[in-house]
Amino acid sequence: MLKHLYIRVQGIVQGVGFRPFIYRLAYENHIKGYVLNDTEGVTIEAEADEESLKRFVKAIKRDFPPLAVVQAIKVKEGPLCHYNRFWIEKSRQTDKKNTFMPPDTNLCKDCLKELFDPNDRRYHYPFITCTHCGPRFSIIKDIPYDRQNTAMAPFPMCPDCKREYENPFDRRFHTQPTACPVCGPHLFLYRNDKTLISENTDEITQKTYELLKKGHIVAIKGVGGFHLACDAANDAAVLKLRKRKRRPFKPFALMTGNLKRIKDFLYVSKREEELLLSKERPIVILKEKVPIVSRHIAPHLTHIGIMLPYTPFQHLFFSLDKDLILVMTSGNLSDEPIAFKDREAFERLSSIADYFVTYNREIIAQSDDSVMFVLNDNPFFIRRSRGFVPVPFLIRENFKNHLFASGADLKNCFAVAKDNVIILSQYLGDLESLVTQQIYKRTVAHFKKVFDLHPEVFISDMHPGYFTTALADELAEGKARLRVQHHHAHIASVMAEHDLVGPVIGLAFDGTGYGTDGHIWGSEFLICDRKQFERAGHFSYFGLPGGEKAIKEVWRIGLSLLYEAGVDINLLPLTKAQPKKGFILQMLKKRLNCPLACSIGRIFDGIAAILGICETISTEAEAAQRLEEEAFKAKECSSFKVGFEETDGGQIVIPTSAIVREIVSFMEKGIPVPEIALAFHRCLIEISFETVQRLKEKYALKTVVLNGGAFQNRILLKGLWQRLKEAGFKVFLPQKTPLNDGGIALGQIIIGKEMLNG
Ligand code: ZN
Ligand code: ZN
Ligand code: FE
C-alpha cells in the first residue's frame, strides 16, 4: 500500500551533501517525492510502499554524510500526492534562519587520493576540499552559508569548478569552499622580514622541510590560525622556541604524518587510535614509550600531546618524510589567543618564527586545536575547539528567549542559546590579557551575526572581578541579567550533557571559583539540581598570602598550609621562600591580604611546594601536574587517612590541616617523595568517597557528578570514579565539554534557563 511521509531532519544538514545523499537513497529505495533545504534543516516528502519507506528512513538515520550531524528526525504521515519521480526542490526561505554550521574537519579519503594523484587537476593543490571535508566554521562570515558570505568570496569559480558545483551527482555539489589551482587561493613562503621566498606549492613544501630540518622555527597558517613549527627531535630548536615563546614548562603539541610513527614512541589504545584518526583530528595526550623526541617537549611529564595532519598542506608536507615529528604549537605568546590574520601574525610572531608559510585566504573565525585524553576507555576534553565547534547541544524544551552566557575568565568559552540548541564557542584562552579580551568581544559579535542571535538574557559567573562578569553587564544594557555560582555551573553542564534533572551529588574540584561567602571555593560537594544548590561539604579554608601572587608563587601556599597545620614552617625546603618567610608569616598571623581558599587546585599547589617539587609555576596546574608525575613514579605506598567534621549546620568539612600533618609526618619518617605524593592522591580519593557515602545516606541520592579542572588529574579521576562505581553509584562525567572552565558556559545556560522559569 502506498504511503506518504513528511520527514524533517534537524541538525547540521546543509552544506554537507545531505540532499544528494537523500536523492541517491530515494533512487535506491524507489521513493517518489522531493527533498529541499529550508531554514530549519532538510524537509523530505516521500511516497512509496511501507517497506521501502521503512528502509529509507532507517538509512537516513544510519548512513548520513560524514560532515552531517543529525540531531532530530521527525516523521509524519500525510495525504498521498502521487508523485511520479524524486527531485531536489529549490531551497525555501522562511523568516527563521538556520543556526547550524559544520565544524572544520580533516581532508576526506577521496580528496586525499586526488591530492596525490598526478593525473588529477587538484594534484598537490593545498586547498582541495569537497562536501565531505575541509574548512567550514573558520571561513564562514555570515548567513546564509553561500560562497559570497565566506572567505572564498574573492575567488570566483572557474568553469570546471562551477560544473562540479552545479552537478547534484558530484562530490562537490554546492561545496561553497571548492576551488582548484586555476581559481582558488595559493600559498606563500616569507622570511620573517616579509621577503617573499616562493609562491610555488611544491617548492614551498620542500623549502619548509629543509628549513625545519636545519633547526628553524616556521609559522604555518592552518585552519584556525598559525602554528609554530620546529623539529621535535632537535633540542636546540625546541629550546629556542620555548625561550622565544616565553613558555618554560607547558608542553608542546606534536604532529607526525602517520599512526605508525606515533606508535613508535607513544602508547596508543584502540580508543586513542580512533580519536587520532577521527575527522576532528584533536591532539590526543598519550603516554610516552620510547624517548625519541627532545626532552624539552614536555619537561617533567610522561605524557605527550600529538595529532595527525588535517590540512592538505600538512598532508603534503608529511608525505616528504614519514619519520618526521614536528612541534606544532599554537602561534601565540604564552597565554594569548592564536594569531590568525596575516598582518597580525607578522606583528606578533616575527620575533618567534624565522619563516612564515601563509596563504591568501582569510581565516574568519580562529580556533586552536582541540585537546583530549582517554581514561577507562572514555574520551575527555581538555580543550574543545577546532573540529568540534560549533556542533550544538540539544535540549528537550525550547528556550523562550535567546540567551548569552559569558563563561569564566580562564580557558574561556562562552555559550549562546536559542530554540532548542546551545552552542559553545571555541576556546578563547585566558581573559587576563587585553588581546584576548578584544578577541572575545569580536567572537561574541561574530556569533551573534552568524547564528542570528538577539540575546535578551545575559548570564555570567558570580565573580565580581571577572572580565566576563563586567562584559555581561555591559552587553545586557538593562536586559535580564543572571549570575551563576561557578561550581554549580560545573555540575550543571554535566547534567545538561547527560540529560539529568537532579538532584545529584556534585563534586566540583578545581582551581578557583568565587563562592557565595566571598571566599575562593573549589573542593565542593554540592547537592543540586538545575536551579539551585546546597553546599553540603568542602575542604577547610586556608589563606593565600598575597592573593593572586600565591597562585604563581606556590611556595606561599605551602607556607600557609604548614602554618595552618601548626607545624614547623622551616620544613619548606624551597630557596625562593627563604628570604620572605618571616614576612609571609606575619601576613598569615595578621590575616593581611590573605584571601581564603579551599580549592583542590590550590591544595595541590601547596603540597607540591611542601614536598619540594615546585616552588613557582609558569602556567596554571603546573604544580599539580608535577605532583601527579611524582605519584606515577611510586609503585606502592603506605597510606594515610583523615576524617571529616560536621558543622552545626550539618555541612561536612574535610580538615586540610590534617592532610598536611600526615604529609609532614611522612616526610619526617624519610619516606620518598613519590610515595608521599601517591599517598596524598589516595587520601583525597578516600576522604572524597567517604564524604559522598555520608551524603548518600543523608540525602538518599545515588547519582554522582564529577567535574572541574582538578579531575584532569588521572590518578584522582580514575581512583574516585572506580571507588564510586564499585560502591554502586551512578557516576556522570563531562564527555562533550572540557573538565576545566571551558565547559562552564553550558552550565550557566542550563541554570539560567531554570532561573527564568521562576
Ligand atoms: Zn573531501
Ligand atoms: Zn577552479
Ligand atoms: Fe572551575
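Data overview
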{"read-out": "Relative contact order of the chain, defined on C-alpha pairs under 8 angstrom at six or more residues apart (%)", "value": "11"}
{"read-out": "Additional length obtainable on full extension of the chain from LEU592 to ASN401, 0.36 nm per residue less Cα span", "value": "64.2 nm"}
{"read-out": "Positive-pole candidate from PHE116, ILE88, ILE143, dipole of region 37-170, charges at beta carbon", "value": "ILE143"}
{"read-out": "Cα-based helix-to-principal-axis angle, 600-610 vs the chain, degrees rounded to 10", "value": "50"}
{"read-out": "Subset of LYS61/LYS141; LYS109/LYS449; LYS448/LYS736; LYS270/LYS322 violating a 25 Å alpha-carbon distance limit", "value": "LYS61/LYS141; LYS109/LYS449"}
{"read-out": "Residue (of THR39, PHE249, ALA219) at the positive-pole extreme of the chain, dipole from beta-carbon charges", "value": "ALA219"}
{"read-out": "Principal-axis tilt of helix 714-726 within the chain, Cα atoms, nearest 10 degrees", "value": "90"}
{"read-out": "Candidate lysines - alpha carbon under 16 Å from LYS240, same-chain residues fewer than 8 apart omitted", "value": "LYS213, LYS214, LYS250"}
{"read-out": "Cα centre as origin, Lys/Arg/Asp/Glu Cβ charges: the chain dipole, Debye", "value": "460"}
{"read-out": "Fraction of antiparallel bridges per DSSP, the chain only, in percent to nearest 5", "value": "75"}
{"read-out": "Mean-position separation - Cα centroids, region 696-713 and region 659-686, in angstrom", "value": "24"}
{"read-out": "Ellipticity estimate at 222 nm from DSSP helix runs (n ≥ 4, -39,500 (n - 2.57)) divided over the chain, nearest 500", "value": "-10000 deg cm²/dmol"}
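We did not get these values from a lab; they are worked out from the coordinates using the rules stated. The shown structure was predicted, so the numbers you read here are calculated from the model rather than taken from an experiment. Using ideal geometry, Cβ is built from the backbone for each residue, glycine included, and neighbour counts are taken over all protein chains shown.
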